[in-house]
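Single-structure report; data block below.
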Amino acid sequence: MSNLCVEGDEHMFRIAICDDERQFRKRIHDILIEYMNENDILYEIDEFESGKDFISLGINLAKYDIVFLDVNMDELDGMETAQKIRKVSNDVL
C-alpha cells in the first residue's frame, strides 16, 4: 500500500512498514498518515509483509528514509532485516 502526496518531490519522506501482522501495519500506517497530514509533510508509505519481501528490493531499499520493523517475524526477523539494510545503506533509519 502506498500513499503518495506529490510525485517526484525530492523532499518527500519515504517510509516502509515491515510487519507480518496486517493489523499492526495498518495501525502504524494510520498513525503516520495522521501525523504527516497534520504537519503538512509530504510522504510515501509502502507496506511489506516480511523482512524477506523488503530485502528483496535490493539496492532499491536505500530509497527509504525510515523503516519500521517488527522484531518478531518468521523467516527473517526485524534484527536480521536491519543488519541486511545496513549492508546496503547507512542512511536508512
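A short reminder: the numbers here are calculations on the coordinates, not readings from a lab. All figures in this text were calculated on a predicted structure; none of them were measured in a lab. Don't worry about glycine lacking a Cβ; one is built from the backbone with ideal geometry, like all the others, and counts go over all protein chains shown.
Tell me, yes or no, whether segment 68-83 has at least one residue that is exposed (fewer than 15 other Cβ atoms within 10 Å of the Cβ) and either closer than 27 Å to His11 by Cβ or of a type in the set (Ser, Thr, Tyr) (or both).
No, there is no match, as no residue in segment 68-83 is exposed (fewer than 15 other Cβ atoms within 10 Å of the Cβ) and either closer than 27 Å to His11 by Cβ or of a type in the set (Ser, Thr, Tyr) (or both).
Within segment 51-71, track down each residue that is part of a loop (DSSP other than H, G, I, E, B) and touching a residue at least 24 places away in the same chain (Cβ under 8 Å).
Once the filter is applied, which keeps residues that are part of a loop (DSSP other than H, G, I, E, B) and touching a residue at least 24 places away in the same chain (Cβ under 8 Å), segment 51-71 yields Tyr64, Asp65, Asp70.
Output the residue which, of all residues in segment 10-32 that are surrounded by 14 or more Cβ atoms within 10 Å (Cβ to Cβ) and without any contact (Cβ under 8 Å) to a residue 40 or more places away in the chain, is nearest to Gln83 (Cα to Cα).
Here the residue is Arg25.
Can you pull out every residue in segment 32-50 that is assigned to a helix (DSSP H, G or I) and more than 12 Å from the chain's Cα centre (by Cα)?
Residues satisfying the conditions are Ile33, Glu34, Tyr35, Met36, Asn37, Glu38.
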